[in-house]
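Just so you know, all these numbers are worked out from the coordinates, no wet-lab data involved. It should be emphasised that the depicted structure is a prediction, and the values quoted were computed from it without experimental measurement. Here the Cβ is made from the backbone with ideal geometry for all residues, glycine too, and neighbour counts use every protein chain on show.
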Amino acid sequence: MPIRINLLAEAQAAEEMRRKDPVKRAIWIGGFFVCIVLLWILKLQFDIFFEQKDYQNKADRWESIKAKYASVTDNMIQIGDMERKLAALDRLTTNRFLWAPVMNALQQTMVDDVQVTALRGEQSYLKEEGHDVGSGSTQRHIPGAIVEKVSLFIDGKDDNPKDQDYNKFKESLCNFDFFVKALGRKDGFILDGTLSTPAVDPADPSKQFVTFSLASHFPEVRRNE
């Protein structure tokens, strides 16, 4: 029976030991986990990139919506302000003082021997700011308002001062239905100042005349803002 001698047994044994070396296994295993970590990091970087892109898109969309919202809000404020002004103008239009009825009433109150030489109307608006009245539980707020003041001044000439026709004219005005309702009383016209001294009429020296002035103040009208 032949005898076989393996001259490479030692080399093969050493190679087998190297293949079974735990350090090498650890290196391979470590390298594998390093690759996994690198892949995970790469995935996270991609995720961060796409999330940042999505965030930027949403931020741009939000800025666009924010600008539109601000524009709409400004428009709503302007519309509300315009509506308040239009409502105030509408109230002023429907409740404003009209001079045409006054002129018409004057035509119907004239008396003989009295001439109206001048007619002046004054119409003013005073703005009152809102303010608080009282204190504590009894405190209340009075809103601001626009106060309308209207006055009528009539300059006249009485060609018959002996009969005091200027008084008849004043009484005619005071008792006329329109002025009674508008002024709220029957003594709405008063002499403004004093009568002039009798003067000779240049057109007829045999006659004399006096001049007078009447004033009337209509009730104030308060319109809340």
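Give segment 68-118 a look and list any residue that's among the aliphatic types (A, V, I, L, M), part of a helix (DSSP H, G or I) and exposed (fewer than 10 other Cβ atoms within 10 Å of the Cβ), or say none.
ALA100
Could you check, for segment 206-213, whether at least one of its residues is over 16 Å from VAL116 (Cα atoms), without any contact (Cβ under 8 Å) to a residue 12 or more places away in the chain and not in a loop (DSSP other than H, G, I, E, B)?
Scanning segment 206-213 turns up at least one residue that is over 16 Å from VAL116 (Cα atoms), without any contact (Cβ under 8 Å) to a residue 12 or more places away in the chain and not in a loop (DSSP other than H, G, I, E, B).
Just to check your reading of the model, which residue among ASP159, ASP155, ASP163 is surrounded by 11 or more Cβ atoms within 10 Å (Cβ to Cβ) and closer than 23 Å to ALA100 by Cα?
After ruling out the rest, the residue left standing is ASP155.
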